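Read the structure below first, then the notes.
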Amino acid sequence: MNDRLAGAIVGTVQQRRVLLATSLSYVIVILDTSIVNLALERMGRDLAGGLAGLQWVLNAYTLSFASLLLTGGTLGDRLGARNVYIAGLACFTVASALCACAPSLPVLVAARSLQGGGAALLVPASMTLISHSWTGSRERAAVFGLWAGLGGIAMASGPLLGGILVGLSGWRSIFLANVPICMAAMVMALRVAHAAPRMSAAAERKFDFAGQAAGIAALALLNMLVIDVPAYGWQPLIAAGALAAGVIFVVIETLRTQPMLPMSLFRLPVFAGGVFVSMVSACTFYGLLFELSLLLQRQQGYTPMAAGLAFLPLTLPVPVGSLLSKRAIGRLGARRLVAGACLLSAAGFLGLAGMGAASQYWLLALPLPAIGLAASLITPATTATLMSAVDDRRAGIAAGVLNAARQVGAALGVALCGTLVTANHAIAWGMHWSAMAAGALSIAAALVWWHAGRTIFAATEHRPMNRMTND
């Protein structure tokens with residue numbers, strides 16, 4: 001640990017409370033995107049849910065998280081980050097308890113949606129609390145690095161921790177475990193003094209209710225269309241509704257003077273490319289988590305605990321890559337690093353596509369480290385690049401869009417992979433075609449990123465990254 005990070009962590013009593021509270025909550029929020037995968041088999045058995053229902057258990061969380069993330073940031077700016085943070089914690093705690101007590105799959109899906117809403121309040125408020133508590137840019141960057149690193153560790157440990165909890169105490173324990181941790185974070189947050197809000201344009205932004213409603217409708221209908229295709233076939237009305245809602249959302253955000261999602265950001269090629277790469281990375285990684293958990297437990301007969309251990313080749317490289325990413329960016333440059341990581345991910349998925357259902361575990365595990373390492377390098381590199389490519393006044397909204405894009409990608413990955421499994425009537429064949437598609441998408445992401453960065457990186461590749469405007 002370097003002196004700058006150590007000094008930032010020591011800080012004042014107020015700063016330590018902020019760091020502890022926000023870290024606890026962020027770990028739980030990220031953990032709930034991956035820990036549930038190992039419980040799906042037991043959930044389906046206990047609640048008599050089919051594959052489509054299990055997909056909604058995952059996607060209800062990520063969709064509400066993604067849809068409400070930008071609104072959560074606006075609420076924090078207008079009502080105070082501490083107040084919104086505590087409200088988000090309370091929502092997440094209640095929703096976790098409801099998940100643990102859910103008597104049926106529809107109730108569980110509804111509670112998971114409420115969980116995602118709480119997460120959408122928590123994450124931007126956490127970032128604001130950290131930003132208000134550390135005024136020095138270097139100290140703030142060090143704390144954000146620690147905060148994000150803990151999230152990476154939580155995501156990586158989710159499958160193993162989920163397997164252990166489900167194996168020892170049943171699937172309801174993964175939600176019950178959230179309750180005391182969230183309550184501890186709430187106690188810490190209540191002891192944090194109110195911070196004087198900084199004046200910003202975001203604080204004066206009006207709520208974009210129409211845009212929010214259109215965005216939620218478009219994402220929900222798109223996922224419904226993809227998930228229900230195997231059972232009900234192509235549904236033109238839902239497809240038309242998803243398309244119409246998407247078009248209405250774009251029109252609203254283009255015409256509004258204070259949009260929830262400024263469409264002008266996408267005129268910057270590196271921003272549009274970074275959002276696409278982030279969506280592809282989340283789509284392929286979380287789709288793999290979903291399918292691999294089903295393959296190991298349903299088809300190969302692994303217990304939840306054994307399946308959690310089997311995920312280690314995929315998840316262990318994640319914190320390693322997160323720690324090495326800053327040094328790798330300095331040596332290779334963001335353009336080469338992200339493009340190379342996308343190609344590494346493609347190689348891993350194409351290698352996985354060649355494995356059959358009867359393959360020995362060690363053969364199945366061989367491509368997994370490449371996929372996990374690539375995902376862990378892509379996220380910090382694209383985030384750092386995008387945050388340096390946009391104007392300071394738009395940094396908050398840019399971070400919100402990037403986080404929302406990752407959650408949308410995760411939801412689409414689960415939806416698409418589940419559909420391929422059902423359409424092929426076998427998990428192994430569905431996984432084969434999903435891995436082929438993931439490999440192709442990863443190659444496309446590498447090409448998009450390389451093309452988007454051909455001008456912006458030429459000026460910044462060999463010197464410290466400075467913040468640029470999009471004028």
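The values are calculated or read from the model by the stated rules, or taken from the named source; none is laboratory data. Here the structure is a predicted model, which is why all the values come from computation and not from measurement. FYI the Cβ positions are ideal-geometry reconstructions off the backbone, even for glycines, and counts take in every protein chain you see.
Would you be able to say whether some residue in segment 124-134 is within 29 Å of Phe207 (Cα to Cα), of a type in the set (A, V, I, L, M, F, W, C), in a helix (DSSP H, G or I) and free of Cβ contacts under 8 Å to residues at least 60 places away in the same chain?
The answer is yes; a qualifying residue exists.
Would it be correct to say that Ala184 is at pLDDT 75 or above and surrounded by fewer than 18 Cβ atoms within 10 Å (Cβ to Cβ)?
yes
State yes or no: is Ala119 buried (at least 24 other Cβ atoms within 10 Å of the Cβ) and more than 16 Å from Thr33 (Cβ to Cβ)?
Judged against the criteria, Ala119 is not a match.
Exactly one condition in (1) farther than 22 Å from Leu289 by Cα; (2) of a type in the set (D, E, K, R); (3) in contact with a helix residue (DSSP H, G or I) (Cβ under 6 Å, 6 or more places away or on another chain) is false for Glu41; which is it?
(1)
Quick check on segment 242-279: of everything there that is charged (D, E, K, R) and part of a helix (DSSP H, G or I), which residue is surrounded by the fewest Cβ atoms within 10 Å (Cβ to Cβ)?
Arg267
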